[in-house]
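Step one of this worksheet: look at the structure below.
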Amino acid sequence: MSEPARPGERRKRYLFDDARNVRRVRWALYAACALVLGADFIVHRHVEHPWEGTFGFYALFGFAAYALLVLIAEGLRRLVARRPDYYDD
């Protein structure tokens, strides 16, 4: 974390310090997700299993896989984490 600016000193501003830029990126991601999900109506997929042909299957599968990965990582962190005072004398 950076130190606070001294009085009269200008703090360096980054791209995402401005809330408008964060909103723009968020809306761009929403638009990209909507376009990809909308492409599901147009693009013909060659599927191996019948459930792959359902609308939004890959979006739901990706979300479920990501959520499962986060839950597994939380459990793994509890399993392998060291004590908070591990490096103290």
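No value in this document is a laboratory result; all are computed from the given coordinates. Just so it is clear, the structure is predicted and the values come from calculations on it, not from any experiment. Because the Cβ atoms are built from the backbone with ideal geometry, glycine has one as well, and the counts that use them run over all protein chains shown.
Filter the range 1-51 down to residues that are exposed (fewer than 10 other Cβ atoms within 10 Å of the Cβ) and of a type in the set (Ser, Thr, Tyr) and give me whichever is nearest to residue 62 (Cα to Cα).
Residue satisfying both the conditions and the ranking: 14.
Show the residue pairs that are 6+ apart or on different chains and have beta-carbon atoms under 7 Å apart, the first residue being within the range 35-62 and among the β-branched types (Val, Ile, Thr), the second being surrounded by 11 or more Cβ atoms within 10 Å (Cβ to Cβ).
If the second residue must be surrounded by 11 or more Cβ atoms within 10 Å (Cβ to Cβ), the pairs left are 47/53.
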